Amino acid sequence: MSTLTLDPTVATQARPPRAEPAPIPFRRVLLVELRKMFDTRSGFWLMASIVVASVIATALTVLLGDRETLSFDSFAAAVGSPMSIVLPIIGVLAVTSEWSQRTALTTFTLVPSRPRVIGAKAVNVLAIGALSMLVALAIGALGNLVTAAITGNEAVWDITAGTFSQIVLANELGMMLGFALGLLLRSSPAAVVGYFVVNLVLPGLSSALASSQQWWAENAGWFDLNATRFLLFDSTLTTQEWTQLAITSGLWIVLPLAIGLRLVLRSEVK
């Protein structure tokens, strides 16, 4: 009985080489992460609340404000208040939803490069923040026109492009603060509470400390992010104040973001 022997080199040569799969384009990762922000019912209504809150704030300003003195700045201030609350929560949930909805394992299996996923989330958060402010600006402008039509006066457009860009920057910093806390804590309740502590509780403590400590009153701007970020809403910053904003942004946003990213890269996803 004869035995057929196959040459392993021939078998190897006959088999075509396996093509390596092409890397997932960053644009596709961006679109998928953007869609995930709207997919859930809570995510959809959170995004819709941007428009709803802007419309309600504008309507209340027209109905309850002094129509003879209302200007575009009045509507911008009214719309900006709910925006400063809603937008940072979007920044928090953009990253914590992976852990609260237990989709992190699936996400990082399909896209093993975790920095690409986190980067796509950050880009989407910044884009949504800028687009939301443009929507709010358009709704406020409509309210200003309605008020002018009711009173018969000319509409007052007292917000310059520079002022509006500062308002956008202030809200973007708030969103990135929420994003950094979400990445650091990876828990929606903890990150939301942490944001409100930083944004609402710490300014009160800083003011109380400034009233009793002269040194803190003179140097709080170098340590308190809100002391300089809030100035973006209603004033022109000096060179020193811009420097303080850069330093406090690094302390409260960049540093937690870097620590959170390192933890995400090193932690085991379950």
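The values are calculated or read from the model by the stated rules, or taken from the named source; none is laboratory data. Computed from a predicted structure; not experimentally measured. Positions of Cβ are generated from backbone atoms using ideal geometry, with glycine treated the same way; all protein chains shown enter the neighbour counts. Side chains included, ligands, DNA and RNA excluded: accessible areas come from the protein's heavy atoms. Shrake-Rupley method; radii C 1.70, N 1.55, O 1.52, S 1.80 Å.
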(request) Could you pull out every one of the helices (runs of 4 or more DSSP H) wholly within region 204-270 that has 3 or more residues that are surrounded by 14 or more Cβ atoms within 10 Å (Cβ to Cβ) and among the polar types (S, T, N, Q)? (result) 239-249
(message) Give all pairs with beta carbons closer than 6 Å in which a residue from region 211-235 that is closer than 20 Å to Asn199 by Cβ meets a residue that is open to solvent by less than 90 Å² (accessible area, probe 1.4 Å) and outside any helix (DSSP H, G or I); count only pairs at least 6 apart in sequence or on separate chains.
(response) Leu231/Leu237
(request) Check whether at least one residue in region 16-27 is of a type outside the set (S, T, N, Q), over 17 Å from Asn124 (Cβ atoms) and part of a helix (DSSP H, G or I), and report yes or no. (result) no
(message) Could you go through region 49-67 and let me know if any residue there is surrounded by 20 or more Cβ atoms within 10 Å (Cβ to Cβ) and closer than 19 Å to Arg262 by Cα.
(response) no
(request) Specify the residue that is nearest to the chain's Cα centre (by Cα); the eligible residues are those in region 89-106 that are within 15 Å of Gly43 (Cβ to Cβ) and open to solvent by less than 20 Å² (accessible area, probe 1.4 Å). (result) Gly91
(message) Exactly one of these conditions fails for Val193: (1) of a type outside the set (Phe, Trp, Tyr); (2) farther than 27 Å from Arg67 by Cβ; (3) not in a helix (DSSP H, G or I). Give me its number.
(response) (3)
(message) Within region 68-88, take every residue that is under 22 Å from Asn226 (Cβ atoms) and of a type in the set (Val, Ile, Thr) and give me the one that is surrounded by the most Cβ atoms within 10 Å (Cβ to Cβ).
(response) Val79
(request) Output the qualifying pairs, or none if there are none: Cβ atoms under 6 angstrom, residues six or more apart or on different chains, first residue in region 155-168 and over 16 Å from Ser84 (Cβ atoms), second residue hydroxyl-bearing (Ser, Thr, Tyr). (result) Val156/Ser71; Asp158/Ser71
(request) Consider Ala148 carefully, then state whether it is in contact with a Ser or Thr (Cβ under 8 Å, 6 or more places away or on another chain), among the hydrophobic types (A, V, I, L, M, F, W, C), surrounded by 14 or more Cβ atoms within 10 Å (Cβ to Cβ) and closer than 22 Å to Val62 by Cα. (result) no
(message) Could you check region 151-174 and list, in sequence order, the residues that are assigned to a helix (DSSP H, G or I) and open to solvent by 70 Å² or more (accessible area, probe 1.4 Å)?
(response) Ala161
(request) For Ala94, work out the one condition from (1) at pLDDT below 85; (2) in a helix (DSSP H, G or I) it doesn't fulfil. (result) (1)
(message) Can you go through Leu134, Leu110 and tell me which one is within 16 Å of Leu30 (Cβ to Cβ) and either free of Cβ contacts under 8 Å to residues at least 12 places away in the same chain or not small (Gly, Ala, Ser) (or both)?
(response) Leu110
(request) Inspect all residues belonging to region 180-190 and state whether any of them is open to solvent by 30 Å² or more (accessible area, probe 1.4 Å), part of a helix (DSSP H, G or I), farther than 24 Å from Phe72 by Cα and in contact (Cβ under 8 Å) with a residue 12 or more places away in the chain. (result) yes
(request) Specify which of the listed residues (Leu131, Leu137) is surrounded by fewer than 12 Cβ atoms within 10 Å (Cβ to Cβ), of a type outside the set (Asp, Glu), under 26 Å from Met83 (Cα atoms) and under 18 Å from the mean Cα position of the chain (by Cα). (result) Leu131
(message) Checking the conditions here, which among Ser211, Ser188 is farther than 24 Å from Ala258 by Cα and of a type in the set (Gly, Ala, Ser)?
(response) Ser211
